[in-house]
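Just below is one structure, and these are the notes that go with it.
Read the figures in this text as sums done on the coordinates, not as results from a lab. Just so it is clear, the structure is predicted and the values come from calculations on it, not from any experiment. Virtual Cβ from ideal backbone geometry, glycine too; neighbours counted across all protein chains shown.
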Amino acid sequence: MREVAELAGVSIATVSAVFTGKSWVSPDTDAGVRRAAGQLGYEPRGRKTAAPSREPRMVGFVSWGSDMSTGTSPYFAPVLAGAQQACAELRLSISFETVDPEAGELPLCVQRGEVSGLVVLSVGSDPDYLRRIHEAGVSCVLLEHAVKGLPMDFVRHDDEIGGYLATRHLLDLGHTNPPPAIITAKDRIAPAVERLTGYRRALAEYGLREEPSFVRRSDFSIDTGYEQMAALLALPVRPSAVFCGNDESALGALNALRDHGVAVPEEMSVIGYDDIAMAGHASPALTTMAVDKELLGAQAVWHLVQRIQRPGMTSRDTRLGVTLVQRQSTAPPGDPGRRA
């Protein structure tokens, strides 16, 4: 099959689609693949060529290869569980695969023509890679990010509102002089961008200026949360509250505060985001923005089934609500102008 694909100048997935009767293959492509197969003497192994049903039997759950978006992540593991539960209710099989778009290879489940559609889990887009998946005739629903110009659905949390509500919580407690700091992430991480936008909107509504040294960049990990909290503590004037863009960086921040002898919440309030399982067991228990991670995965599967059945639908951008969960890590400030 690989030799046929090379001779015909198409992907392996396209060759598979020709011999499994996929309706999206153009007549010219079909003819070119069959001509190449004839030249090489290739015959598919007993596959039926009748046009397939649009009722999916197998879907793929594909994650970009990073620690933030794998089945072992405290955030994304419940997302995968939600997708699996939805598939079970719909009597669908689901496969899980981690990919590296920069390597260029499409997911194996796409190359082998095994799936009707993909749930793509990532915090950032690779439009060219996604376009190749679409051109292979595989429907997609994207989690946590969106891409312009492709007929795909997007399911994500309302992170701009979440960032706004988290920051408003700190401001309403009285953390205004100086304003709260934020430990966010790089702009390639789509949820971080929206949460930072919400943070800035909340400051603006209070008539407060953003302090550049209070905007710290991490990679949403415990280690970098620790590093950025330590950097905030080293400033000439500390903030009295910090909004961490996810719970893992917030847990790192709590560790840094403990190691530097800063009491939480008496001397520093900390709020996180995601409400992962560990958040309620932190010391002190972490105030955070709760998101429905299982629903995120399930909603993606529901959308994917509809898109497989109606591939010509316009793109849909579904935002799931977020909720403040107040625990013991936030409180009104003590001396807001204290120095290190």
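Points to keep in mind about this one:
- Based on every Cα atom in segment 238-340, Rg and the maximum pairwise Cα distance Dmax equal 18.7, 61 Å.
- Take the Cα of ARG34, step 7 Å toward its Cβ, do the same at THR98, and the gap between the two points is 4.3 nm.
- Separation in nanometres of the label points that stand 7 Å from Cα toward Cβ, at GLU89 and VAL237: 5.2 nm
- Directionally averaged shadow of segment 159-292, computed from the convex hull of its alpha-carbon atoms, nm²: 7.1 nm²
- Scalar couplings 3J(HN,Hα) for segment 232-244, obtained by applying the Karplus form with A = 6.51, B = -1.76, C = 1.60 to θ = phi - 60°, are 5, 5, 7, 5, x, 10, 7, x, 9, 8, 9, 9, 9 Hz; x denotes Gly and Pro.
- Helix axis angle, 190-205 relative to the chain longest principal axis, alpha carbon, degrees: 40 degrees
- Whole-Hz ³J(HN,Hα) from phi, Karplus 6.51 cos²θ - 1.76 cosθ + 1.60, for segment 304-312, glycine and proline x: 5, 4, 5, 6, 4, 6, 9, x, x
- Radius, Kirkwood style, for the chain when every pair of distinct Cα atoms is counted (Å): 21.8 Å
- Applied to segment 99-109, the Karplus parametrisation 6.51 cos²θ - 1.76 cosθ + 1.60 on θ = phi - 60° returns per-residue 3J(HN,Hα) values of 10, 10, x, 5, 6, x, 6, 5, x, 4, 5 Hz, with x for Gly and Pro.
- For segment 87-233, the alpha-carbon radius of gyration amounts to 1.33 times the rule-of-thumb value 2.2 N^0.38 Å expected for a compact globular protein.
- Most mobile listed residue (ALA250, ALA17, ALA192) in the chain, GNM with C-alpha springs under 10 Å: ALA17
- Taking the number of Cβ atoms within 10 Å of each Cβ as an exposure proxy, the fewest-first ranking of LYS293, LYS148, LYS186 is LYS148, LYS186, LYS293.
- Taking MET152, MET1 and counting other C-beta atoms within 10 Å, the order from fewest to most: MET1, MET152
- Largest mean-square fluctuation among PRO239, PRO284, PRO44, in a Gaussian network model of the chain whose springs join Cα atoms under 10 Å apart, belongs to PRO44.
- Sorted by Cβ neighbour density within 10 Å, fewest at the top, the residues ARG195, ARG201: ARG201, ARG195
- Over the chain: helical MRE at 222 nm, DSSP H runs n ≥ 4 each giving -39500 (n - 2.57), nearest 500: -11500 deg cm²/dmol
- For segment 297-335, the residues whose backbone nitrogen is under 17 Å from a point 7 Å from the Cα of THR197, taken along Cα to Cβ, are 316-322.
- Summarising the amide proton neighbourhood of PHE96: residues at separation of 5 or more, or on other chains, whose placed amide H is nearer than 5 Å comprise PHE61.
- Near-label residues of segment 273-293 by backbone N, under 11 Å of a point 7 Å along Cα→Cβ of ALA81: 277-278, 293
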